[in-house]
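Remarks on the structure that follows.
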Amino acid sequence: MTTLFFSDYEAGETGTPLVIFGAGGLGREVLHLVRQLNATHPAWDVRGFYDDVAPTTPTVAGLPYLGTSADLNATAEPLAVAVAVGSSASRAAVVGRLTSANLSFPALVHPQVVLGPEQRIALGEGCIVQQGCILTCDISLGRFVLLNLGCTVGHDAVLEDFCSLMPHANLSGAARLAAGCYLGTNATVIQGVRVGEGSIVGAGAVVVRDLPPHVTAVGVPARAL
C-alpha cells in the first residue's frame, strides 16, 4: 500500500492524463473536484470517462465516454484513474478489474477540505475526499476510501480500505471502520465504536455500540436488521 500524509500531498504533475471510472452523478462530482484542483494547481489533463455500463449519450459533462474496464486495461498510455463509484463493494470490484500496470490511482483531495493544523492524516492510494469535509488529526484512510460532501472525521479514527462515507456522515474520535464499510447520508458513529467489515449503516442512523461484520444497521440507536 502506498501511503502519504497530507503534509506531503501534491496534486500531481502538470498535464498528467487522468480519466474517471464511473459515468454517473458521482463521476460528474469528481470531475468538479478535479477542476477545482486545477484552478489552484493546474495538474490534471482530464481525458474522459470509462464505465462498464455505457451512458445513454456519447459524452458525460462535455467529455467523451471512452469505454469499459477492458478498454481501460488495454490502453498503452500511462493514465491516472479516479474510481468514482459510491458503493464500497462495487468500487472494490472495479479496482479488482483494473489490472494494467499502466494505471495509477492518485488520492484526490478537494482544496476546500478543512484539515487539522498538524495534518497527521495518512491517505492510501485512490482516496477521494470531497468538498467541505473536516479531518482533525492522527487519522488513517486506507486504499480507495471515499469521503463524500461535508463529512467529518475525528481524531485517531481509522477507515480501512474501500470504506464509503456519504454526504454529512460523522465519524467521531477513535472510531474504526473495517474494510468495505458504508455509512449513509447523515449517519454517525460515536467515539471509540467499531463497525465490522462490509457493514452498512443506514442514512441518519447513530451507531453507539460495536457492529459485527456484514450487517445492515438502521435507526437511533442503530440496530442490525
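The values are calculated or read from the model by the stated rules, or taken from the named source; none is laboratory data. Values in this document were obtained by computation on a predicted structure and should not be read as measured data. Neighbour counts run over all protein chains shown; Cβ positions are idealised from the backbone, glycine included. Accessible surface is based on the protein model in full, side chains and every heavy atom, while ligands, DNA and RNA are left aside. Shrake-Rupley method; radii C 1.70, N 1.55, O 1.52, S 1.80 Å.
Tally Lys and Arg at +1 and Asp and Glu at -1 over the other residues with C-beta under 15 Å from the C-beta of GLY180: what net charge comes out? Working shown, then result.
On the way: positive: ARG91, ARG143, ARG176, ARG194; negative: GLU160, ASP161, GLU197.
Here the count lands on +1.
Angle of helix 25-40 to the longest C-alpha principal axis of the chain, folded into 0 to 90 degrees and rounded to 10: 70°.
Please state the equivalent ellipsoid semi-axes for the range 38-170: what are the square roots of 5 times the Cα gyration tensor eigenvalues, largest first, in whole Å?
Details: eigenvalues 150, 50, 41 Å².
Three semi-axes, in Å: 27, 16, 14.
Counting Lys +1, Arg +1, Asp -1, Glu -1, what net charge surrounds ILE20 among other residues with beta carbon under 15 Å of its beta carbon? Before the final figure, lay out the partial values.
Details: positive: ARG28, ARG35, ARG47, ARG91; negative: GLU29, ASP45, ASP51, ASP52, ASP71.
Around ILE20, the charge tally is -1.
Rounded to the nearest whole Hz, the Karplus-based 3J(HN,Hα) values (6.51 cos²θ - 1.76 cosθ + 1.60, θ = phi - 60°) of the range 146-151 follow the sequence 10, 10, 7, 4, x, 7, with x at glycine and proline.
Based on the Kirkwood radius over alpha-carbon pairs, what value in µm²/s does the Stokes-Einstein equation return for the translational diffusion coefficient of the range 177-225 at 25 °C and 0.890 mPa s?
246 µm²/s
Using all pairs of distinct alpha-carbon atoms, the Kirkwood hydrodynamic radius of the range 116-206 works out to 12.3 angstrom. With all protein chains in place and ligands, DNA and RNA left out, the 1.4 Å accessible area ranks TYR50, TYR182 as TYR182, TYR50, largest first.
Annotation: amide H of GLY67 within the under-5 Å range of ASP51, sequence separation 5 or more or interchain, hydrogens built in the peptide plane.
Once backbone amide H atoms are built at 1.01 Å from N, ARG194 has ARG176, ASP210, LEU211 as its partners under 5 Å, excluding neighbours fewer than 5 places away on the same chain. Between the amide H of VAL83 and those of PHE21, distances stay under 5 Å, these residues lying 5 or more places away or on another chain, with hydrogens modeled in the peptide plane.
Using Stokes-Einstein with the Kirkwood hydrodynamic radius over Cα pairs, what translational diffusion coefficient do you get for the chain at 10 °C and a viscosity of 1.306 mPa s, in µm²/s rounded to a whole number?
The calculation lands on 91 µm²/s.
Evaluated with a Cβ-only charge set (Lys, Arg +1; Asp, Glu -1), the range 12-153 carries a dipole of roughly 160 debye about its Cα centre, given to the nearest 20.
Applied to the range 62-79, the Karplus parametrisation 6.51 cos²θ - 1.76 cosθ + 1.60 on θ = phi - 60° returns per-residue 3J(HN,Hα) values of x, 10, x, 7, 9, x, 9, 4, 5, 5, 5, 4, 7, 5, 8, 8, x, 9 Hz, with x for Gly and Pro.
Both numbers refer to the Cα atoms of the range 48-92; Rg and Dmax are 11.1, 29 Å. Under Stokes-Einstein, with the Kirkwood radius over Cα pairs as Rh, the value for the range 20-113 at 4 °C and 1.567 mPa s is 95 µm²/s. To the nearest 10 degrees, how steep is helix 88-97 against the longest Cα principal axis of the chain, on a 0 to 90 scale? Helix 88-97 sits at roughly 40 degrees to that axis.
Could you check what % of the DSSP bridge pairs in the chain are antiparallel, to the nearest 5? The antiparallel proportion sits near 15 percent.
Note down the magnitude of the dipole of the range 77-225 about its Cα centre, charges +1 on Lys and Arg C-beta and -1 on Asp and Glu C-beta and zero elsewhere, to the nearest 20 debye.
Magnitude of the dipole: close to 320 debye.
For the range 181-191, backbone phi angles converted through the Karplus equation (6.51, -1.76, 1.60; θ = phi - 60°) give residue-by-residue couplings of 5, 9, 10, x, 3, 6, 6, 9, 10, 7, 4 Hz, Gly and Pro being listed as x.
Summing Lys, Arg as +1 and Asp, Glu as -1, what charge do residues with Cβ under 14 Å from the Cβ of ALA61 carry, ALA61 excluded? In short, +1.
The relative contact order of the chain, computed from alpha carbon pairs under 8 Å that lie at least 6 residues apart in sequence, is 12 percent.
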